[in-house]
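Okay, so here's the structure we're looking at.
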Amino acid sequence: MSGLELEDINVWLNGQKILHDVNISIAKGECVALLGPSGCGKTTTLRTIAGFIHPQAGDVRISGQSCVDLPPNRRNVGLVFQDYALFPHMTVAQNVGYGLRMRKRSDSESEKLVHQFLEMVQLDHIKDRMPQSLSGGQRQRVALARALVIKPDILLLDEPLGALDRKLRDQMQVELKQLQKQLGVTTIIVTHDQEEALSLADRVAVMFGGKIREIGTPQSLYDRPKHRDVMDFLGSSNLFRCTVTHVSGDGVTVSGPGGFQTVLNRTDFQLNQNVLVGIRPEHLSIECAVPDSPRASVSGTVHETVYKGSLMEVLIKTTDDHIFRAAVSPRSVTPGQIESGTAISLVLEKDFIQIFQD
Ligand SMILES: Nc1ncnc2c1ncn2[C@@H]1O[C@H](COP(=O)(O)OP(=O)(O)OP(=O)(O)O)[C@@H](O)[C@H]1O
Ligand SMILES: [Mg+2]
């Protein structure tokens, strides 16, 4: 059953088209992360779902029911927005109970629910404090309890953990994921933190210029994106121009910088066509001798190395001036192997090579 559907949503604001035919269908209880560059329309999409923006065209359906003509307070949506601060003149418990009072729940029912949800976010012991006296993480948890206590059909989170430091963020991510699954609430989370999106969500949607470009499971989107801009946007990648130099029943041979050549099992490319080939840095490994078996490899010299703790980034420059980025385990290389100027070969894991129309 579908928890939330957006169908052909088009939004203009101040005469400018902001959302273009946005379509998305989210199952009940599913968590989808919305990713994309600043200004691509993520917040606008959430505001449209919540009912603060009425789309010029398209439909919003919650549990199969159209709600596009309903005001925000008639949609059962919980919000934790970037700019949706706690009410400063209310205690923690009053903040959490706000939505229940608006919905005219009895005092005793409200009190019980507020207690239950404050316990769930582990804040029951500070229910009488004012928001100013809380830490950033505590405030986020109050905002989350306030959004969840109304038992929303849809939970919309816009950068909910944006203000927290790394450690607290990691901890809150785990808590958020547990709460979301425990309550089974259909959720859309907007975040700039890609790792957060990949770890929290059942599916990730990548948006550019007011359109959803691609949606898929975190792993399929990361490992096998269908669009080069999605590959480029998510994580880091090597994207390089190649030419189709041979076409046969086995597929296409593509050739590119640093002597790169490989056969890919694809039939949708033509001889002499320019293509873009992509591979993630972690799918390149370093070989100090040119491999003698015909593997997908490139040759060059070490240009620079960057130590990043759990991994080492090695930049390799080919004779035709292309830079490849490999991410290897620091333990897998000796200092001599990666000294600047050393001749080196990189082997590309063939299963992870992506090819795109140029
Ligand atoms: N009320 C408005 N009137 C006119 N244009 C607007 C309005 N609100 C947003 N926009 C424009 O719509 C576009 C999308 O904005 P939106 O806030 O949805 O982006 P976003 O993806 O959430 O970005 P960020 O990651 O920076 O939060 C932007 O170009 C923005 O300037
Ligand atoms: Mg935004």
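The values are calculated or read from the model by the stated rules, or taken from the named source; none is laboratory data. Fair warning: this is a prediction, and the values are worked out from it, not measured in the lab. With ideal geometry, Cβ positions are generated from the backbone for all residues, glycine too; neighbour counts draw on all protein chains shown.
Checking each residue in region 44-87 for being of a type in the set (G, A, S) and outside any helix (DSSP H, G or I) picks out G51, A57, G58, S63, G64, S66, G78, A85. Filtering region 10-26 to residues that are more than 16 Å from ligand 2 (Cβ to nearest atom), in contact (Cβ under 8 Å) with a residue 24 or more places away in the chain and in contact with a Leu (Cβ under 9 Å, 6 or more places away or on another chain) leaves N10, W12, N23, I24, I26. Remark: pairs (first residue in region 34-48, touching a residue at least 24 places away in the same chain (Cβ under 8 Å); second residue within 9 Å of ligand 2 (Cβ to nearest atom) and not in a helix (DSSP H, G or I); Cβ separation under 6 Å; 6+ apart in sequence or on different chains) = L34/V190; K42/V190; T43/D158; L46/D158. Take the residues in region 1-26 that are more than 22 Å from F81 (Cα to Cα) and small (G, A, S); name whichever of them is nearest to the chain's Cα centre (by Cα). Among those residues, the one meeting the criterion is S2. Summed over region 31-54, the residues that are away from ligand 2 (no atom under 16 Å from the Cβ) and under 29 Å from E196 (Cα atoms) give a count of 2.
Of the candidates L79, L70, the single residue that is over 20 Å from K127 (Cβ atoms) and under 26 Å from the mean Cα position of the chain (by Cα) is L79.
For region 219-238, filtering for residues that are in contact with a Leu (Cβ under 8 Å, 6 or more places away or on another chain) and touching a residue at least 60 places away in the same chain (Cβ under 8 Å) leaves 6.
Of the residues that sit in region 177-236 and are within 16 Å of ligand 2 (Cβ to nearest atom) and among the small types (G, A, S), which one is nearest to V22 (Cα to Cα)? The selected residue is G210. All of (1) part of a helix (DSSP H, G or I); (2) touching a helix residue (DSSP H, G or I) at 6+ places or on another chain (Cβ under 7 Å) hold for E109 with one exception: (2). When I215, I150 are screened for being more than 18 Å from T45 (Cβ to Cβ) and in the same structural domain as V77 (by TED's automatic domain parsing), only I150 passes.
When you look at V60, is it within 16 Å of ligand 2 (Cβ to nearest atom) and surrounded by 22 or more Cβ atoms within 10 Å (Cβ to Cβ), yes or no? Taking the combined requirement at face value, the residue does not satisfy it.
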